[in-house]
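Everything on this sheet refers to the single structure shown next.
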There are 2 protein chains.
Amino acid sequence: MNIKEGNTHMKRPLLQVALDHLDTPGALESARLLGPEVDVLEVGTLLCYAEGARAVRTVRACWPDHILLADLKAADAGGVAAELVFSAGATWMTVICSAPYPTMEAALKVAKTYGEDRDIQVELYGDWTFDHARAWLDLGLQQAVYHRGRDAQAAGKGWDESDLEKINRLVEMGIHVSVTGGLTPDDLAQFRGIPVKAFIAGRSLYGADDPVAAARAFSRSIRAGWS
Amino acid sequence: MNIKEGNTHMKRPLLQVALDHLDTPGALESARLLGPEVDVLEVGTLLCYAEGARAVRTVRACWPDHILLADLKAADAGGVAAELVFSAGATWMTVICSAPYPTMEAALKVAKTYGEDRDIQVELYGDWTFDHARAWLDLGLQQAVYHRGRDAQAAGKGWDESDLEKINRLVEMGIHVSVTGGLTPDDLAQFRGIPVKAFIAGRSLYGADDPVAAARAFSRSIRAGWS
């Protein structure tokens with residue numbers, strides 16, 4: 001039902017920066033420039049791997065009002081993992097799509113104890129099916145991240161029709177889909193007509209010669225496609 | 001071929017403690033007692049989530065000679081994740097079974113730059129198939145962790161024949177399989193005849209009234225089954 005709503009008053013996709021730094025100070029330097037330009041700050045998987053939930057708490061301390069995603073890709077112990085990141089100030093947390101259903105359910109339950117706006121996103125990696133997606137919805141999970149992984153990118157796998165079809169089908173099922181993986185501002189036009197939850201970029205923002213200009217190019221592209 | 005070797009001179013399974021603490025000092029308290037009793041120290045997923053690779057470096061500083069596993073369950077960016085934990089002193093690192101093949105391959109490549117004994121283990125979570133296992137072997141991955149997840153345990157899923165059949169089939173393919181998930185010393189008898197790489201226990205060791213005695217009960221059970 002959210003989708004029908006979306007089709008008539010399609011919400012403009014959010015812009016999300018993935019802070020895929022290897023240490024918190026590096027992430028904060030990027031956030032200092034990019035925070036005012038984006039809707040969602042993401043403590044990337046690598047930063048979670050390097051410094052854990054401590055990084056989430058530190059970014060939250062500097063940016064109290066942003067949507068803050070902990071891209072933990074949790075695969076087990078969903079409840080404890082969620083407790084770690086939501087108590088540190090996360091708004092959203094990711095679980096990996098291959099996590100057992102009880103892990104996802106436990107994570108969502110803890111998320112909601114921190115507030116209705118707290119949420120769990122399912123990272124779509126490797127093999128998953130639309131039957132899984134139906135099961136996630138039945139568990140109460142409403143968000144997914146369609147991810148063209150960096151290793152898949154490096155192996156030369158590009159965006160194609162099958163990506164767009166899968167995203168569309170997830171959206172039609174009622175899932176709020178964020179999109180990531182080597183996106184450029186020019187790529188965004190391909191997604192027009194789809195109520196994407198958020199477009200996520202990492203190094204192409206914070207690694208740009210002019211990060212602010214790079215973020216504004218994404219924002220222009222979003223405004224052009226979702227007026 | 002390792003398996004045939006295993007069948008004639010079956011190596012005794014290793015005993016591994018999963019330090020699933022939420023902070024490094026807690027893990028070190030447990031390691032102080034359990035280090036002398038076990039072969040493998042594991043920086044558990046939760047500790048990785050809480051404190052990142054920093055926890056690996058700290059445990060390594062205290063225990064220079066143990067096999068040290070970073071149970072990161074990496075799902076992306078295998079090369080960088082591996083660089084983080086192997087430079088911190090890990091011997092083994094886990095990737096999640098749903099990680100893209102290039103992620104696994106990149107992780108293994110980095111592992112081997114740190115030494116021939118460094119290795120990547122595939123965590124068997126959620127949906128995987130023996131076709132996947134064949135592909136892992138083709139990539140050069142030789143270790144997997146058969147995991148009855150804690151959330152699955154909590155949902156009442158026990159060890160059964162289908163677990164043992166799957167483990168046997170993986171071993172017959174040539175994969176070195178570690179086993180974990182709510183194991184008790186009594187459970188180990190079920191695995192007799194299988195050249196298990198390591199039996200992994202966490203809270204049942206460090207949470208026991210007498211952790212040393214608990215570890216020794218596992219060791220006795222291993223010696224009884226694999227003489």
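Applying the selection to the range A:130-157, what residues are open to solvent by 40 Å² or more (accessible area, probe 1.4 Å), modelled with pLDDT of 95 or more and not in a helix (DSSP H, G or I)?
Within the range A:130-157, just A:GLN142 meets the criteria.
Let me confirm something: among B:ALA214, B:ALA189, which residue is closer than 24 Å to B:LEU34 by Cα, modelled with pLDDT under 95 and open to solvent by 10 Å² or more (accessible area, probe 1.4 Å)?
On the way: B:ALA214 fails: modelled with pLDDT under 95.
The unique qualifying residue is B:ALA189.
Looking at the range B:108-129, which of its residues are open to solvent by 40 Å² or more (accessible area, probe 1.4 Å), in a loop (DSSP other than H, G, I, E, B) and over 16 Å from B:VAL177 (Cβ atoms)?
Taking the range B:108-129 and keeping what is open to solvent by 40 Å² or more (accessible area, probe 1.4 Å), we get B:109, B:112-114, B:116-118, B:126-129.
The next check asks that each one be in a loop (DSSP other than H, G, I, E, B); those that pass are B:114, B:116-118, B:126-129.
B:TYR114, B:GLU116, B:ASP117, B:ARG118, B:GLY126, B:ASP127 - these are the residues of the range B:108-129 that are open to solvent by 40 Å² or more (accessible area, probe 1.4 Å), in a loop (DSSP other than H, G, I, E, B) and over 16 Å from B:VAL177 (Cβ atoms).
Could you list all residues from the range A:11-41 that are away from chain B (no Cβ under 14 Å), in a helix (DSSP H, G or I) and in contact with a Lys or Arg (Cβ under 9 Å, 6 or more places away or on another chain)?
Within the range A:11-41, just A:GLU37 meets the criteria.
Name the single residue that is farthest from the other protein chains (Cβ to nearest Cβ) among those in the range B:42-64 being open to solvent by 30 Å² or more (accessible area, probe 1.4 Å) and either on the phi > 0 side of the Ramachandran plot or assigned to a loop (DSSP other than H, G, I, E, B) (or both).
B:PRO64
So the check is Cβ under 6 Å with 6+ separation or different chains; which pairs have a first residue in the range A:65-85 that's more than 8 Å from every other protein chain (Cβ to nearest Cβ) and a second one that's of a type in the set (Ser, Thr, Tyr) and open to solvent by less than 30 Å² (accessible area, probe 1.4 Å)?
Partner pairs satisfying both residue conditions: A:ILE67/A:THR91; A:LEU68/A:THR91; A:ASP71/A:THR45; A:ASP71/A:THR94.
Quick one: is A:GLU105 open to solvent by 10 Å² or more (accessible area, probe 1.4 Å), in a loop (DSSP other than H, G, I, E, B) and at pLDDT 95 or above?
Numbers: open to solvent by 10 Å² or more (accessible area, probe 1.4 Å): yes; in a loop (DSSP other than H, G, I, E, B): no; at pLDDT 95 or above: yes.
It is false that A:GLU105 is open to solvent by 10 Å² or more (accessible area, probe 1.4 Å), in a loop (DSSP other than H, G, I, E, B) and at pLDDT 95 or above.
Can you tell me which of (1) touching a helix residue (DSSP H, G or I) at 6+ places or on another chain (Cβ under 8 Å); (2) surrounded by fewer than 17 Cβ atoms within 10 Å (Cβ to Cβ) is the one A:GLY89 doesn't meet?
Evaluating A:GLY89 over (1) touching a helix residue (DSSP H, G or I) at 6+ places or on another chain (Cβ under 8 Å); (2) surrounded by fewer than 17 Cβ atoms within 10 Å (Cβ to Cβ) leaves (2) as the failure.
Name the pairs: first residue in the range B:199-227 and part of a helix (DSSP H, G or I), second residue loosely packed, with under 14 Cβ neighbours inside 10 Å, Cβ to Cβ under 8 Å, at least 6 apart or on different chains?
B:SER204/B:THR184; B:SER221/B:ASP186; B:SER221/B:ALA189; B:ALA224/B:ALA189; B:GLY225/B:ALA189; B:GLY225/B:ARG192
For A:GLY126, all conditions in the list (1) modelled with pLDDT of 95 or more; (2) at positive phi hold save one; what is the number of the exception?
(1)
Here is a list of conditions, (1) at the interface with chain B (Cβ under 8 Å from one of its Cβ atoms); (2) more than 24 Å from B:GLU51 (Cβ to Cβ), and A:ASP131 meets all of them except one; can you say which number that is?
Just one mismatch for A:ASP131, condition (1).
Taking the criterion of being more than 19 Å from A:MET10 (Cβ to Cβ) and touching a Leu at 6+ places or on another chain (Cβ under 6 Å), would at least one residue in the range A:172-186 satisfy it?
No, the conditions are met nowhere in the range A:172-186.
The values are calculated or read from the model by the stated rules, or taken from the named source; none is laboratory data. Please read these numbers as outputs of a predicted model, since none were measured by experiment. Backbone-built Cβ (ideal geometry, glycine too); neighbour counts: all protein chains shown. Remember, those area values only see protein heavy atoms, side chains included, never the ligands or the DNA or RNA. Shrake-Rupley method; radii C 1.70, N 1.55, O 1.52, S 1.80 Å.
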